[in-house]
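Please treat every number below as a calculation from the coordinates, not as lab data. Note that the structure is predicted; figures quoted are calculated from it, not measured. All Cβ positions, even for glycine, are placed from backbone atoms using ideal geometry, and neighbour counts span all protein chains on display.
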Amino acid sequence: MTQIKNICCIGAGYVGGPTMAVIAQKCPKVNVTVVDINEKRIAAWNDPNVESIPIYEPGLSEIVKEARGRNLFFSTDVNAAIDKADMIFISVNTPTKTYGIGKGMAADLKWIELCARQIAEVAKNDKIIVEKSTLPVRTAAALKDILDNTGNGVKYQILSNPEFLAEGTAVEDLQNPDRVLIGGDIDTPEGKEAMDALVNIYATWVPKENILTTNVWSSELSKLTANAFLAQRVSSINAMSELCEKTGADVNEVAKAVGMDSRVGPKFLKASVGFGGSCFQKDILNLVYIAKTFGLDEVADYWEQVIIMNDHQKRRFAANIVKTLYNTVSGKKIAILGWAFKKDTNDTRESAAIYVTDYLLSEQAEVVVYDPKVKPEQVYADLEYLGNNNNKEIRERVKVVQSAEEACKDAHAIAVLTEWDEFRELNWHFIYENMLKPAFLFDGRRLLNRKEKENLGFEFYAIGN
Ligand SMILES: NC(=O)c1ccc[n+]([C@@H]2O[C@H](COP(=O)([O-])OP(=O)(O)OC[C@H]3O[C@@H](n4cnc5c(N)ncnc54)[C@H](O)[C@@H]3O)[C@@H](O)[C@H]2O)c1
Ligand SMILES: O=c1ccn([C@@H]2O[C@H](COP(=O)(O)OP(=O)(O)O[C@H]3O[C@H](CO)[C@@H](O)[C@H](O)[C@H]3O)[C@@H](O)[C@H]2O)c(=O)[nH]1
């Protein structure tokens, strides 16, 4: 049986970093090296002050502190780590393509292919390659093609091992996963041996019955399907939130009543200003693209609707702010509380806050942002990347401040866009006193108590209520 001694992970991002930290923690006899071409990121992972690691996840810095330098290493020497490894995880970014065929829909596999070519060039002994990135179904065939055509005699087994962690709970999700999914070549002894090697790593801490093995294509497609199902639940409840606002029903009550049916279940039914994050939109667009390439237009349209609903939710939230503020926010100060796409993360990719702010800027608002974990430069970079407002205007009209109180001072309205716990505990009386009147408060997360806020004097609006 293949005993894995050295693991390399290419990509030290939100998945590669935490996943490898937990493997290193749970398997102290396995050497784990995480490599990346981004020197700044690797330097941050190696920062002597463990609180400065580049990704904020509850519990992560403690694990890095325990394992770093023992059997967990971060490096920019990609070749050396590939050479030494028995097993190589590929955990690089697979964003939506921004050019050429499939622009705006297909996953860009440029970085995946570069990894495969680099492995093919460097490897001198047989390797197990693990797809950790989220990939279109049948990517393993392309990887195999590149790896098997180098003529240097090295044999590769390709496994699919998609990651299901959610940001903000990454450590908990990795330590106690609902399931671990491993796809491989189940029909050959070599394929089975490679799968067993990866099963054995996870079995150090995950009960065997929670480790699922399938063929490669099922594994690749299950990841896209899981995200599509999860996002669909959010879009479904968000669709209902709009109907609730028209009818006097309360979306939280509806979600509770529906979720108590054990066939539906209570999770992922929280109405919001729209889902964000680097995965849901990208993976559904990818799924839609795959369906279209097979000529499955009805399948493609069905899933695309999840995205259409989400875009609508973000836009209608922003439009409602403008409408409520007497049809103009020009020159008005709007405080944005929360920039991350969900609480307990510093990740802002596809955050609803970016789109809501972009909309308000195009209505000439002055925006002041506060988020407990997001750095000011990130806020500007996110808005500039969208490219709808010019950079000079963004810098002039958006301020990023260090506290919620400061953001809300002299504001015409507040929009709560991330469900950070600290926003519940703010001194709302003080905030109200220091705002312009009428003081409008828009809760995009159903975080705040309507009665309490109305008693303080706020004009209160909440999604689905
Ligand atoms: N973020 C999540 O919560 C999450 C969860 C599950 C799955 N995924 C999937 O995992 C993959 C990685 O996501 P992420 O959020 O960690 O991305 P990320 O952008 O945070 O990290 C990817 C890293 O890969 C590095 N990289 C790219 N090409 C490289 C190369 N050739 N050599 C060395 N390093 C290279 C980049 O510099 C970057 O630091 C994606 O496919 C994503 O869909 C993400
Ligand atoms: O009831 C809900 C649940 C989530 N959200 C929003 O949906 C987005 C995504 O949230 P979540 O799924 O918790 O975070 P991610 O880190 O994006 O994780 C998703 O995407 C990952 C990347 O593929 C997968 O690994 C995870 O299993 C999957 O949950 C966030 O904006 C949430 O605020 C809601 O609005 N309502």
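Please tell me which of these pairs span more than 20 angstrom C-alpha to C-alpha: K267/K292; K29/K223; K256/K314; K26/K144; K5/K192; K409/K453? Violating the 20 Å limit, Cα to Cα: K267/K292; K29/K223; K256/K314; K26/K144.
Ignoring solvent entirely, what values of log10 I(q)/I(0) come out of the Debye formula for segment 242-323 at 0.12, 0.18, 0.23, 0.26 Å⁻¹ when each Cα is a single scatterer? Listed by q, the Debye log ratios stand at -0.49, -0.96, -1.12, -1.16.
Long-range amide H contacts for A462: which residues qualify at under 5 Å (H placed 1.01 Å from N, peptide plane, sequence gap of 5 or more or a different chain)? Counting only residues 5 or more places away or on other chains, the set is D443. Considering only alpha-carbon pairs that sit under 8 angstrom and 6 or more positions apart, the relative contact order computed for the chain is 12 percent. Considering only C-alpha atoms, what is the centroid distance from segment 112-170 to segment 373-413, in Å? Rounded to whole Å, the Cα centres lie 39 Å apart. Give the distance, in whole Å, between the Cα centre of segment 172-234 and the Cα centre of segment 261-298. Cα centroid of segment 172-234 versus Cα centroid of segment 261-298: 20 Å apart. Over the chain, the pair-distance histogram of Cα-Cα distances with 20 Å bins from zero comes to 23, 52, 23, 2 percent, rounded to whole numbers. Secondary-structure-derived ellipticity at 222 nm for the chain, considering helices only, amounts to -13500 deg cm²/dmol, per-run term -39500 (n - 2.57) for DSSP H runs with n ≥ 4.
Residue-normalised convex hull volume from the C-alpha trace of segment 279-363: 106 Å³ per residue.
What area, in nm² and to one decimal, does the C-alpha convex hull of segment 19-100 cast on average over all directions?
6.7 nm²
Which residues among segment 275-289 fall inside the zone where the amide N is under 15 Å from a point 7 Å beyond the Cα of N38, along Cα→Cβ? Inside the label zone: 278-279. Each principal axis of segment 330-421 carries a Cα extent, and these read 31, 29, 17 Å when sorted largest first.
Label positions at D83 and E121, each projected 7 Å from the Cα along the C-beta direction, are separated by 1.4 nm.
Once you divide the Cα radius of gyration of segment 208-279 by 2.2 N^0.38 Å, the number left is 1.39.
Once the Cβ-Cβ distance of D148 and N391 is raised to the sixth power relative to R0 = 56 Å, the FRET efficiency obtained is 0.75. Counted over segment 170-259 with a bin width of 10 Å, the fraction of Cα pairs per bin, in whole percents, is 14, 30, 23, 17, 11, 3, 0. To the nearest ten degrees, helix 189-203 and the longest principal axis of the Cα atoms of the chain are 50 degrees apart. Any chance you could run the full-extension gain for L114 through N176? It's 0.36 nm times the residue separation minus the Cα-Cα distance, nm to one decimal. My answer for the length gained is 19.1 nm.
Rounded to the nearest Hz, the phi-derived 3J(HN,Hα) couplings of segment 295-311 under the Karplus curve 6.51 cos²θ - 1.76 cosθ + 1.60 (θ = phi - 60°) are x, 8, 5, 5, 5, 4, 5, 4, 6, 4, 4, 4, 6, 4, 4, 5, 4, where x marks glycine and proline. Fully extending the segment from K437 to K103 would add 115.6 nm, taking 0.36 nm per residue of separation and subtracting the current Cα-Cα distance. Here is the P(r) of segment 186-324: all C-alpha pair distances, binned every 5 Å from 0, give 2, 9, 14, 15, 14, 14, 12, 9, 5, 3, 2, 1, 0, 0 in whole percents. Around the amide H of V34, modelled in the peptide plane, lie the amide H atoms of C9, F73, F74, S75, all under 5 Å away and 5 or more residues distant in sequence or on another chain. Put a dot 7 Å past the Cα of A249, heading toward its Cβ, do the same for N6, and the two dots end up 6.0 nm apart. Working value for segment 83-147: equivalent-ellipsoid semi-axes of 24, 11, 10 Å, each the square root of 5 times a Cα gyration tensor eigenvalue, largest first.
R0 = 56 Å: FRET efficiency of D187 with Y326, Cβ-based, nearest 0.05?
0.25
Label-to-label distance for S262 and V401 is 5.1 nm, based on points extended 7 Å past Cα in the beta-carbon direction.
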